[in-house]
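These notes concern the structure reproduced below.
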Amino acid sequence: MSSDPADSAPIQWKLSAFDALSVQELYELLQLRTEVFALEQNCIFQDMDGADAQAVHLMGRRGGQLLAYARCFPAGIKFPEASIGRILTREQVRGSGLGHLLIEQALAAVATLWGRQPIRIGAQARLKDLYTGHGFVDVGRAYIEDGIDHLEMVWRP
């Protein structure tokens with residue numbers, strides 16, 4: 001991380017329905033998802049899965065740069081429960097605590113949008129401890145998606 005004073009500025013959070021995203025926002029979030037999920041993880045997969053139009057997009061910016069992102073879904077879209085997915089932070093801010101803040105913001109967003117309820121995620125298995133620290137519980141449904149070990153985990157209010 002750099003020593004730029006902007007690095008200590010607060011994160012500005014924004015929730016947007018798909019049709020409310022600007023072209024620039026859509027480009028930035030797709031670019032960041034590609035950087036993280038395809039390039040960093042060396043994984044070829046269909047990121048644009050047709051679900052973006054049904055999601056509410058949570059974006060965290062500092063100094064205008066998109067640093068954190070997640071998709072939030074109401075119950076019945078990805079799982080019977082509400083869900084959060086495509087959870088990521090830009091590589092340069094990992095280890096800063098922003099990932100924890102992102103998860104907290106995503107949980108709060110689901111509660112604000114659709115009420116406090118169980119939330120199911122498909123978590124990369126290597127991140128199990130991160131999600132467990134936020135109250136998610138492994139429900140024993142391990143699977144491989146795009147060559148990466150995943151777990152289904154549920155958070156309950």
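Working from label points 7 Å from Cα in the Cα-to-Cβ sense, the residue 34 to residue 130 distance is 2.2 nm. Across the chain, C-alpha contacts under 8 Å between residues 6 or more apart give a mean separation that, scaled by the residue count, equals a relative contact order of 18 percent. Listing 83, 22 from fewest to most neighbouring C-beta atoms within 10 Å gives 22, 83. Between the helical axis of 23-33 and the longest alpha-carbon principal axis of the chain there is an angle of about 70 degrees. Using unit Cβ charges (K, R positive; D, E negative) and no other charged atoms, how large, in debye to the nearest 20, is the dipole of the range 11-155 about its Cα centre? Computed charge dipole of the range 11-155: roughly 400 debye.
Can you compute the modelled spin-label distance between residue 92 and residue 116, with each label point 7 Å from Cα toward Cβ, in nm? Placing both labels 7 Å along Cα→Cβ, they lie 3.8 nm apart. Here the spin labels are modelled as points 7 Å beyond Cα on the Cα-Cβ line, and at residue 137 and residue 156 they lie 0.4 nm apart.
By other beta-carbon atoms within 10 Å, ranking 78, 14 with the fewest at the front produces 14, 78.
Just so you know, all these numbers are worked out from the coordinates, no wet-lab data involved. What you see is a predicted model, and the numbers here were worked out from it, not measured in a lab. Here the Cβ is made from the backbone with ideal geometry for all residues, glycine too, and neighbour counts use every protein chain on show.
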